[in-house]
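Structure record follows, encoded as structure tokens.
What follows draws every value from the coordinates through simple rules; no lab data is involved. Since the model is a prediction, treat every value here as computed from it, not as a measurement. No Cβ is skipped: glycine too gets one built from the backbone with ideal geometry, and neighbour counts run over all protein chains shown.
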Amino acid sequence: GENVEQHPSTLSVQEGDSAVIKCTYSDSASNYFPWYKQELGKRPQLIIDIRSNVGEKKDQRIAVTLNKTAKHFSLHITETQPEDSAVYFCAASRDGGSNYKLTFGKGTLLTVNP
Amino acid sequence: DVKVTQSSRYLVKRTGEKVFLECVQDMDHENMFWYRQDPGLGLRLIYFSYDVKMKEKGDIPEGYSVSREKKERFSLILESASTNQTSMYLCASSLGVTKNIQYFGAGTRLSVL
């Protein structure tokens, strides 16, 4: 089955700096890669996702890049703000058919210091 | 807005009790999931269901069972609760075959004493 490794497990940055979280996956057939944000005491929510037919996707201050050859993908947050502090999870799955379950990384606790 | 509702935010049960965790979604989603969340271990899939009365084991199914009698409702059952099942349990649902976005419930924090 799929295995997703996520690094780092904790990340502390100053407000305004950039933050990068990296994930690797094992199943070369995976083609859907979402990122979820979980604020303290809240439920995980999707913030951005990418499919394997694109290499990069941006949404305001967040971006995700995908390298299918190397089987890794990354989340980039620019101009970090205190409200970006949360646990971030990457995930991977095969999109379509009966393969709809996500395999999650173990999460990265991001702390943005004012 | 998709709504995934878990029946309890907090539960305290005793070792050996049979425990039911209920989850309801209101968006006619095909797929429903039960995860367990523990610090440093991320989200681990217990069971999922892709149709009424259908279920598949996830990565950590031991000690759990599930029931999906109606499309909107997915129940997680701890047949005989043990202290190592103390955890946060999250339910999620997704639309179907080509839409993998999962929507999560608020979670149930279960303590087994």
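Tell me, in nm to one decimal, what length is gained between B:I77 and B:M54 on full extension, where the rule is 0.36 nm per residue of separation less the Cα-Cα distance? List each step's numbers first, then the result.
Values: separation 23, 0.36 × 23 = 8.28 nm, distance 1.53 nm.
Result: 6.8 nm gained on full extension.
Of A:Q14, A:Q81, A:N31, which is farthest along the charge dipole of the range A:3-114 in the positive direction, counting Lys and Arg as +1 and Asp and Glu as -1 at C-beta?
Of A:Q14, A:Q81, A:N31, it is A:N31.
Report the label-to-label distance for B:M88 and B:L11 in nanometres (one decimal), using points 7 Å from each Cα along the Cα→Cβ vector.
1.7 nm
Over chain B, what is the relative contact order in whole percent, taking alpha-carbon pairs under 8 Å and six or more residues apart? List each step's numbers first, then the result.
On the way: 301 pairs, mean separation 41.1, N = 113.
Relative contact order for chain B comes out at 36 percent.
In debye to the nearest 20, how big a dipole does the range B:1-111 give about its Cα centre with +1 on each Lys and Arg Cβ and -1 on each Asp and Glu Cβ? Numbers along the way, then the final one.
Details: 16 positive and 14 negative charges, 46 e Å.
The dipole magnitude comes to about 220 debye.
Most exposed first by the Cβ proxy, i.e. fewest other Cβ within 10 Å, how do A:D59, A:D27 rank?
The most exposed by this proxy come first: A:D59, A:D27.
Please flag any cysteine in the protein assembly as shown that has no other cysteine's Cβ under 4.7 angstrom from its own Cβ.
For the protein assembly as shown, the answer is none, because every cysteine Cβ has another cysteine Cβ under 4.7 Å.
Please give the charge dipole size of the range B:45-88, origin at the Cα centre, charges +1 on K and R Cβ atoms and -1 on D and E Cβ atoms. Round to the nearest 20 debye. Please report the intermediate quantities before stating the final value.
Working: 7 positive and 7 negative charges, 45 e Å.
Using only the charged Cβ atoms, the result is roughly 220 debye.
Projecting each Cα onto the charge dipole of the protein assembly as shown (Lys/Arg +1, Asp/Glu -1 at the beta carbon, about the Cα centre), which of A:T69, B:Y10, A:S52 comes out farthest on the positive side?
The Cα lying farthest towards the positive end belongs to B:Y10.
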